Amino acid sequence: MNRQLALSVMVRLVDRLSGPIERLMGRVRALGALGGRIGDLTRRVGDLGTRIGAVGAIGAGLSFAAPLQAAAAYDAVVRDIGITADLTGEKLSAMIGTAGPAMEKLSFEVGQRSINLAKALQSLVSSGLDLPTAQGLMRTVGRVATAAGAEVMDVARASFSLSNSLRISVAEMETALAKLVTAGKLGRFEFKDMARELPELTAGIQKFGMSGMEAVTTLGAALQVVMYGTSSPSVAANNLSNLFQKFFGKETIENFKKEFDTDIIGTIQNATARGLNPFEAAMRKLFDKTGISAEEVKKVYDEAAAGGANQLEAFEKVRTHLERIGAAAKIQLVFGDKQALDAIIPFLANLDKYKEFKASIAMADTAIIARDLAGRMAGLTARIEVFAETAEQAMRRVGNAFSTNLAGLTWILQQVMTVVAWLDTAMPGSVDTVLSWGGSLLLAAAGLGLVGKAVGFVAAGIGVLVGLIGGPVVVGFAALAAAITGAAMAVYTYWEPIKGFFAGLWTSIETTFTSFGARIAAWWEGLIPDWARPLIRGAAAVVPGGGLVAAAASAAGPARDGPGPTAQKQEVGGKIVVQVDGPAKITSVTSDSRAVPIEADRGQMLWVP
């Protein structure tokens, strides 16, 4: 395909044209030569297409966009941690430079994705923990999450609740979580569910003045026994939380005083002062004042279970018994609703279980975390996570390296879009005709690292189009091709060449674009009316250099008979006045013959050769 980019002034010329016009045409021919050199460059860039995108191709077809997005997503999370911690300037940069790699290193130790660890750290900081404390918790959070099969974010939030509400220190955190992991193995309320529900529960038990490991063991045991009254962990957690809150409600306090002449808050405070468990003291006082016998409730429950009832059915048997003896009504009278019964009844029926669970939980230590973590890390799931994390970190590394060139590449693309915007205004429809074929190809090729190859094909179509249109469009499309070429060369600089890697991919695309120039030429030919063809052929015989007139004459074909002006030579005189003061421009055009007017292309000149 002829790539020479030619420019010519579309006028009707005769022998008497003056010397200044000849000099103008000389400049036009010089611009045409420049266009030819640009066309040669685009062909060479096309040959480089298969060399571009080495890492993208090796990484199972990863595009530049994927590594950039991966790097940006991780940077955004880590950067948000520092900003939330009120770091700026060099301190923020230093924090990003240490916290990011630290989470990446930890990910391999605990078998979790580094971006999830970073998000968990961000959650701890945004919840109010200072950055050093939050960072100190992350190893424990990661280890426990993997060991228990829980979500990292849930464990992080549970850790904050234990720290904030129950005053568990960083040094004690793994032990506290180990106790809850042990509790999760004692019944149907698993640790992963506890981790999700702990924030609300720790706030409730704190009202009793409880903290430390005693509060942890109480929560773990209580959740398991309350779970006997329902099939849903979230419902059990809500029932227990409601009971915690109700003890301190104004109505409950007044009802205890009115119905039982009991200061329930005083009972709780007295137990705390004596070193007793205040929650257990409040429950004992409730059972005593309502006349409920734990032994009697347990007997009803056990009889129902022995008769084949499951836990929920046995629970309903106890509820029916308490309603029959009036105890249920007394509880409702004190607490104001029936929901309290949903926690109290399974607690009453399983007091022995509660004590047993609590003793087992109290004995647990971090050995259970180490053991379970080792078991998880030996499994296929953990190995897949480590493999995926390795690939993710490699992709981020590529994205971070490539991001250093984004400013330059962005500038190049902005210049391209500036030229495209001007062309769209100056020649409506021409940009759409070419870019409708080439635009999607360029975007797809950029993703595969084949920008240079696509430029070769698109520039070929552009070369045909601008050779036909002429005028300042030549300069605009030349700038477009040069800018895209520059982008391809910039990308190529940063990648190892792999010859022929994508050669087969382009076979079908080359076939499609081979006929692109022919389609453009046929389109142009259809625009030339019959009466104009003789005039165009005559102009082609006079004007040296070809350009638009030669291309149009070729499209016009042999002379045709028919109405309109004939192909006979007509003498015509006239002048074209060219002002050169800075950028050259045509100021006026005159013709001696009205039949053959001389018209100048008044398009913007972007460059003067």
Exercise. Which is surrounded by fewer than 22 Cβ atoms within 10 Å (Cβ to Cβ), among the hydrophobic types (A, V, I, L, M, F, W, C) and assigned to a helix (DSSP H, G or I), of A134, A72?
Worked result: A72
For this session: Output yes when any residue across the range 88-95 is in a helix (DSSP H, G or I), out of contact with any Leu (no Cβ under 8 Å at 6 or more places or on another chain), open to solvent by 60 Å² or more (accessible area, probe 1.4 Å) and of a type in the set (V, I, T), and no when none is.
Result: no
For this session: Could you list, in sequence order, all residues of the range 363-382 that are open to solvent by less than 40 Å² (accessible area, probe 1.4 Å) and in contact (Cβ under 8 Å) with a residue 40 or more places away in the chain?
Result: A364, I368, I369, D372, L373, A382
For this session: Of the conditions (1) surrounded by fewer than 17 Cβ atoms within 10 Å (Cβ to Cβ); (2) farther than 16 Å from L177 by Cα, T230 clears all except one; give me its number.
Result: (1)
Exercise. In the range 250-279, what count of residues is obtained for those that are open to solvent by less than 70 Å² (accessible area, probe 1.4 Å) and either of a type in the set (A, V, I, L, M, F, W, C) or within 46 Å of the chain's Cα centre (by Cα) (or both)?
Worked result: 8
Exercise. Restricting to helices (runs of 4 or more DSSP H) lying wholly in the range 199-282: which have 1 or more residues that are in contact with a Ser or Thr (Cβ under 6 Å, 6 or more places away or on another chain)?
Worked result: 233-246, 250-260
Problem set entry | Selection from the range 218-244 of residues that are over 41 Å from the mean Cα position of the chain (by Cα) and not hydrophobic (A, V, I, L, M, F, W, C) | T218, Y228, G229
Exercise. Quick one: would you say D302 is over 15 Å from V226 (Cα atoms), surrounded by fewer than 20 Cβ atoms within 10 Å (Cβ to Cβ), of a type outside the set (S, T, N, Q) and under 51 Å from the mean Cα position of the chain (by Cα)?
Worked result: no
Problem set entry | Filtered residues of the range 280-299 (kept if closer than 21 Å to F208 by Cβ and open to solvent by less than 30 Å² (accessible area, probe 1.4 Å)) | A281, A282, M283, L286, F287, T290, I292, A294
Exercise. Across the range 312-362, what is the number of residues that are of a type in the set (S, T, N, Q), surrounded by fewer than 19 Cβ atoms within 10 Å (Cβ to Cβ) and within 50 Å of the chain's Cα centre (by Cα)?
Worked result: 2
Exercise. What about D86, is it more than 24 Å from the chain's Cα centre (by Cα), without any contact (Cβ under 8 Å) to a residue 12 or more places away in the chain and over 21 Å from Q393 (Cβ atoms)?
Worked result: yes
For this session: Could you please let me know if E109 is among the acidic types (D, E) and either open to solvent by less than 60 Å² (accessible area, probe 1.4 Å) or free of Cβ contacts under 8 Å to residues at least 12 places away in the same chain (or both)?
Result: no
Exercise. Checking R139 against (1) open to solvent by 40 Å² or more (accessible area, probe 1.4 Å); (2) within 30 Å of R274 (Cα to Cα); (3) basic (K, R), which test does it fail?
Worked result: (2)
Exercise. Can you name the residue in the range 179-188 that is touching a residue at least 24 places away in the same chain (Cβ under 8 Å) and either within 14 Å of S360 (Cβ to Cβ) or part of a helix (DSSP H, G or I) (or both) and is also most open to solvent (accessible area, probe 1.4 Å) among such residues?
Worked result: L186
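The values are calculated or read from the model by the stated rules, or taken from the named source; none is laboratory data. Here the structure is a predicted model, which is why all the values come from computation and not from measurement. So basically every Cβ, Gly included, is an ideal-geometry build from the backbone, and we count neighbours across all protein chains shown. Heavy atoms of the whole protein, side chains included, go into the accessibility calculation; ligands, DNA and RNA do not. Shrake-Rupley method; radii C 1.70, N 1.55, O 1.52, S 1.80 Å.
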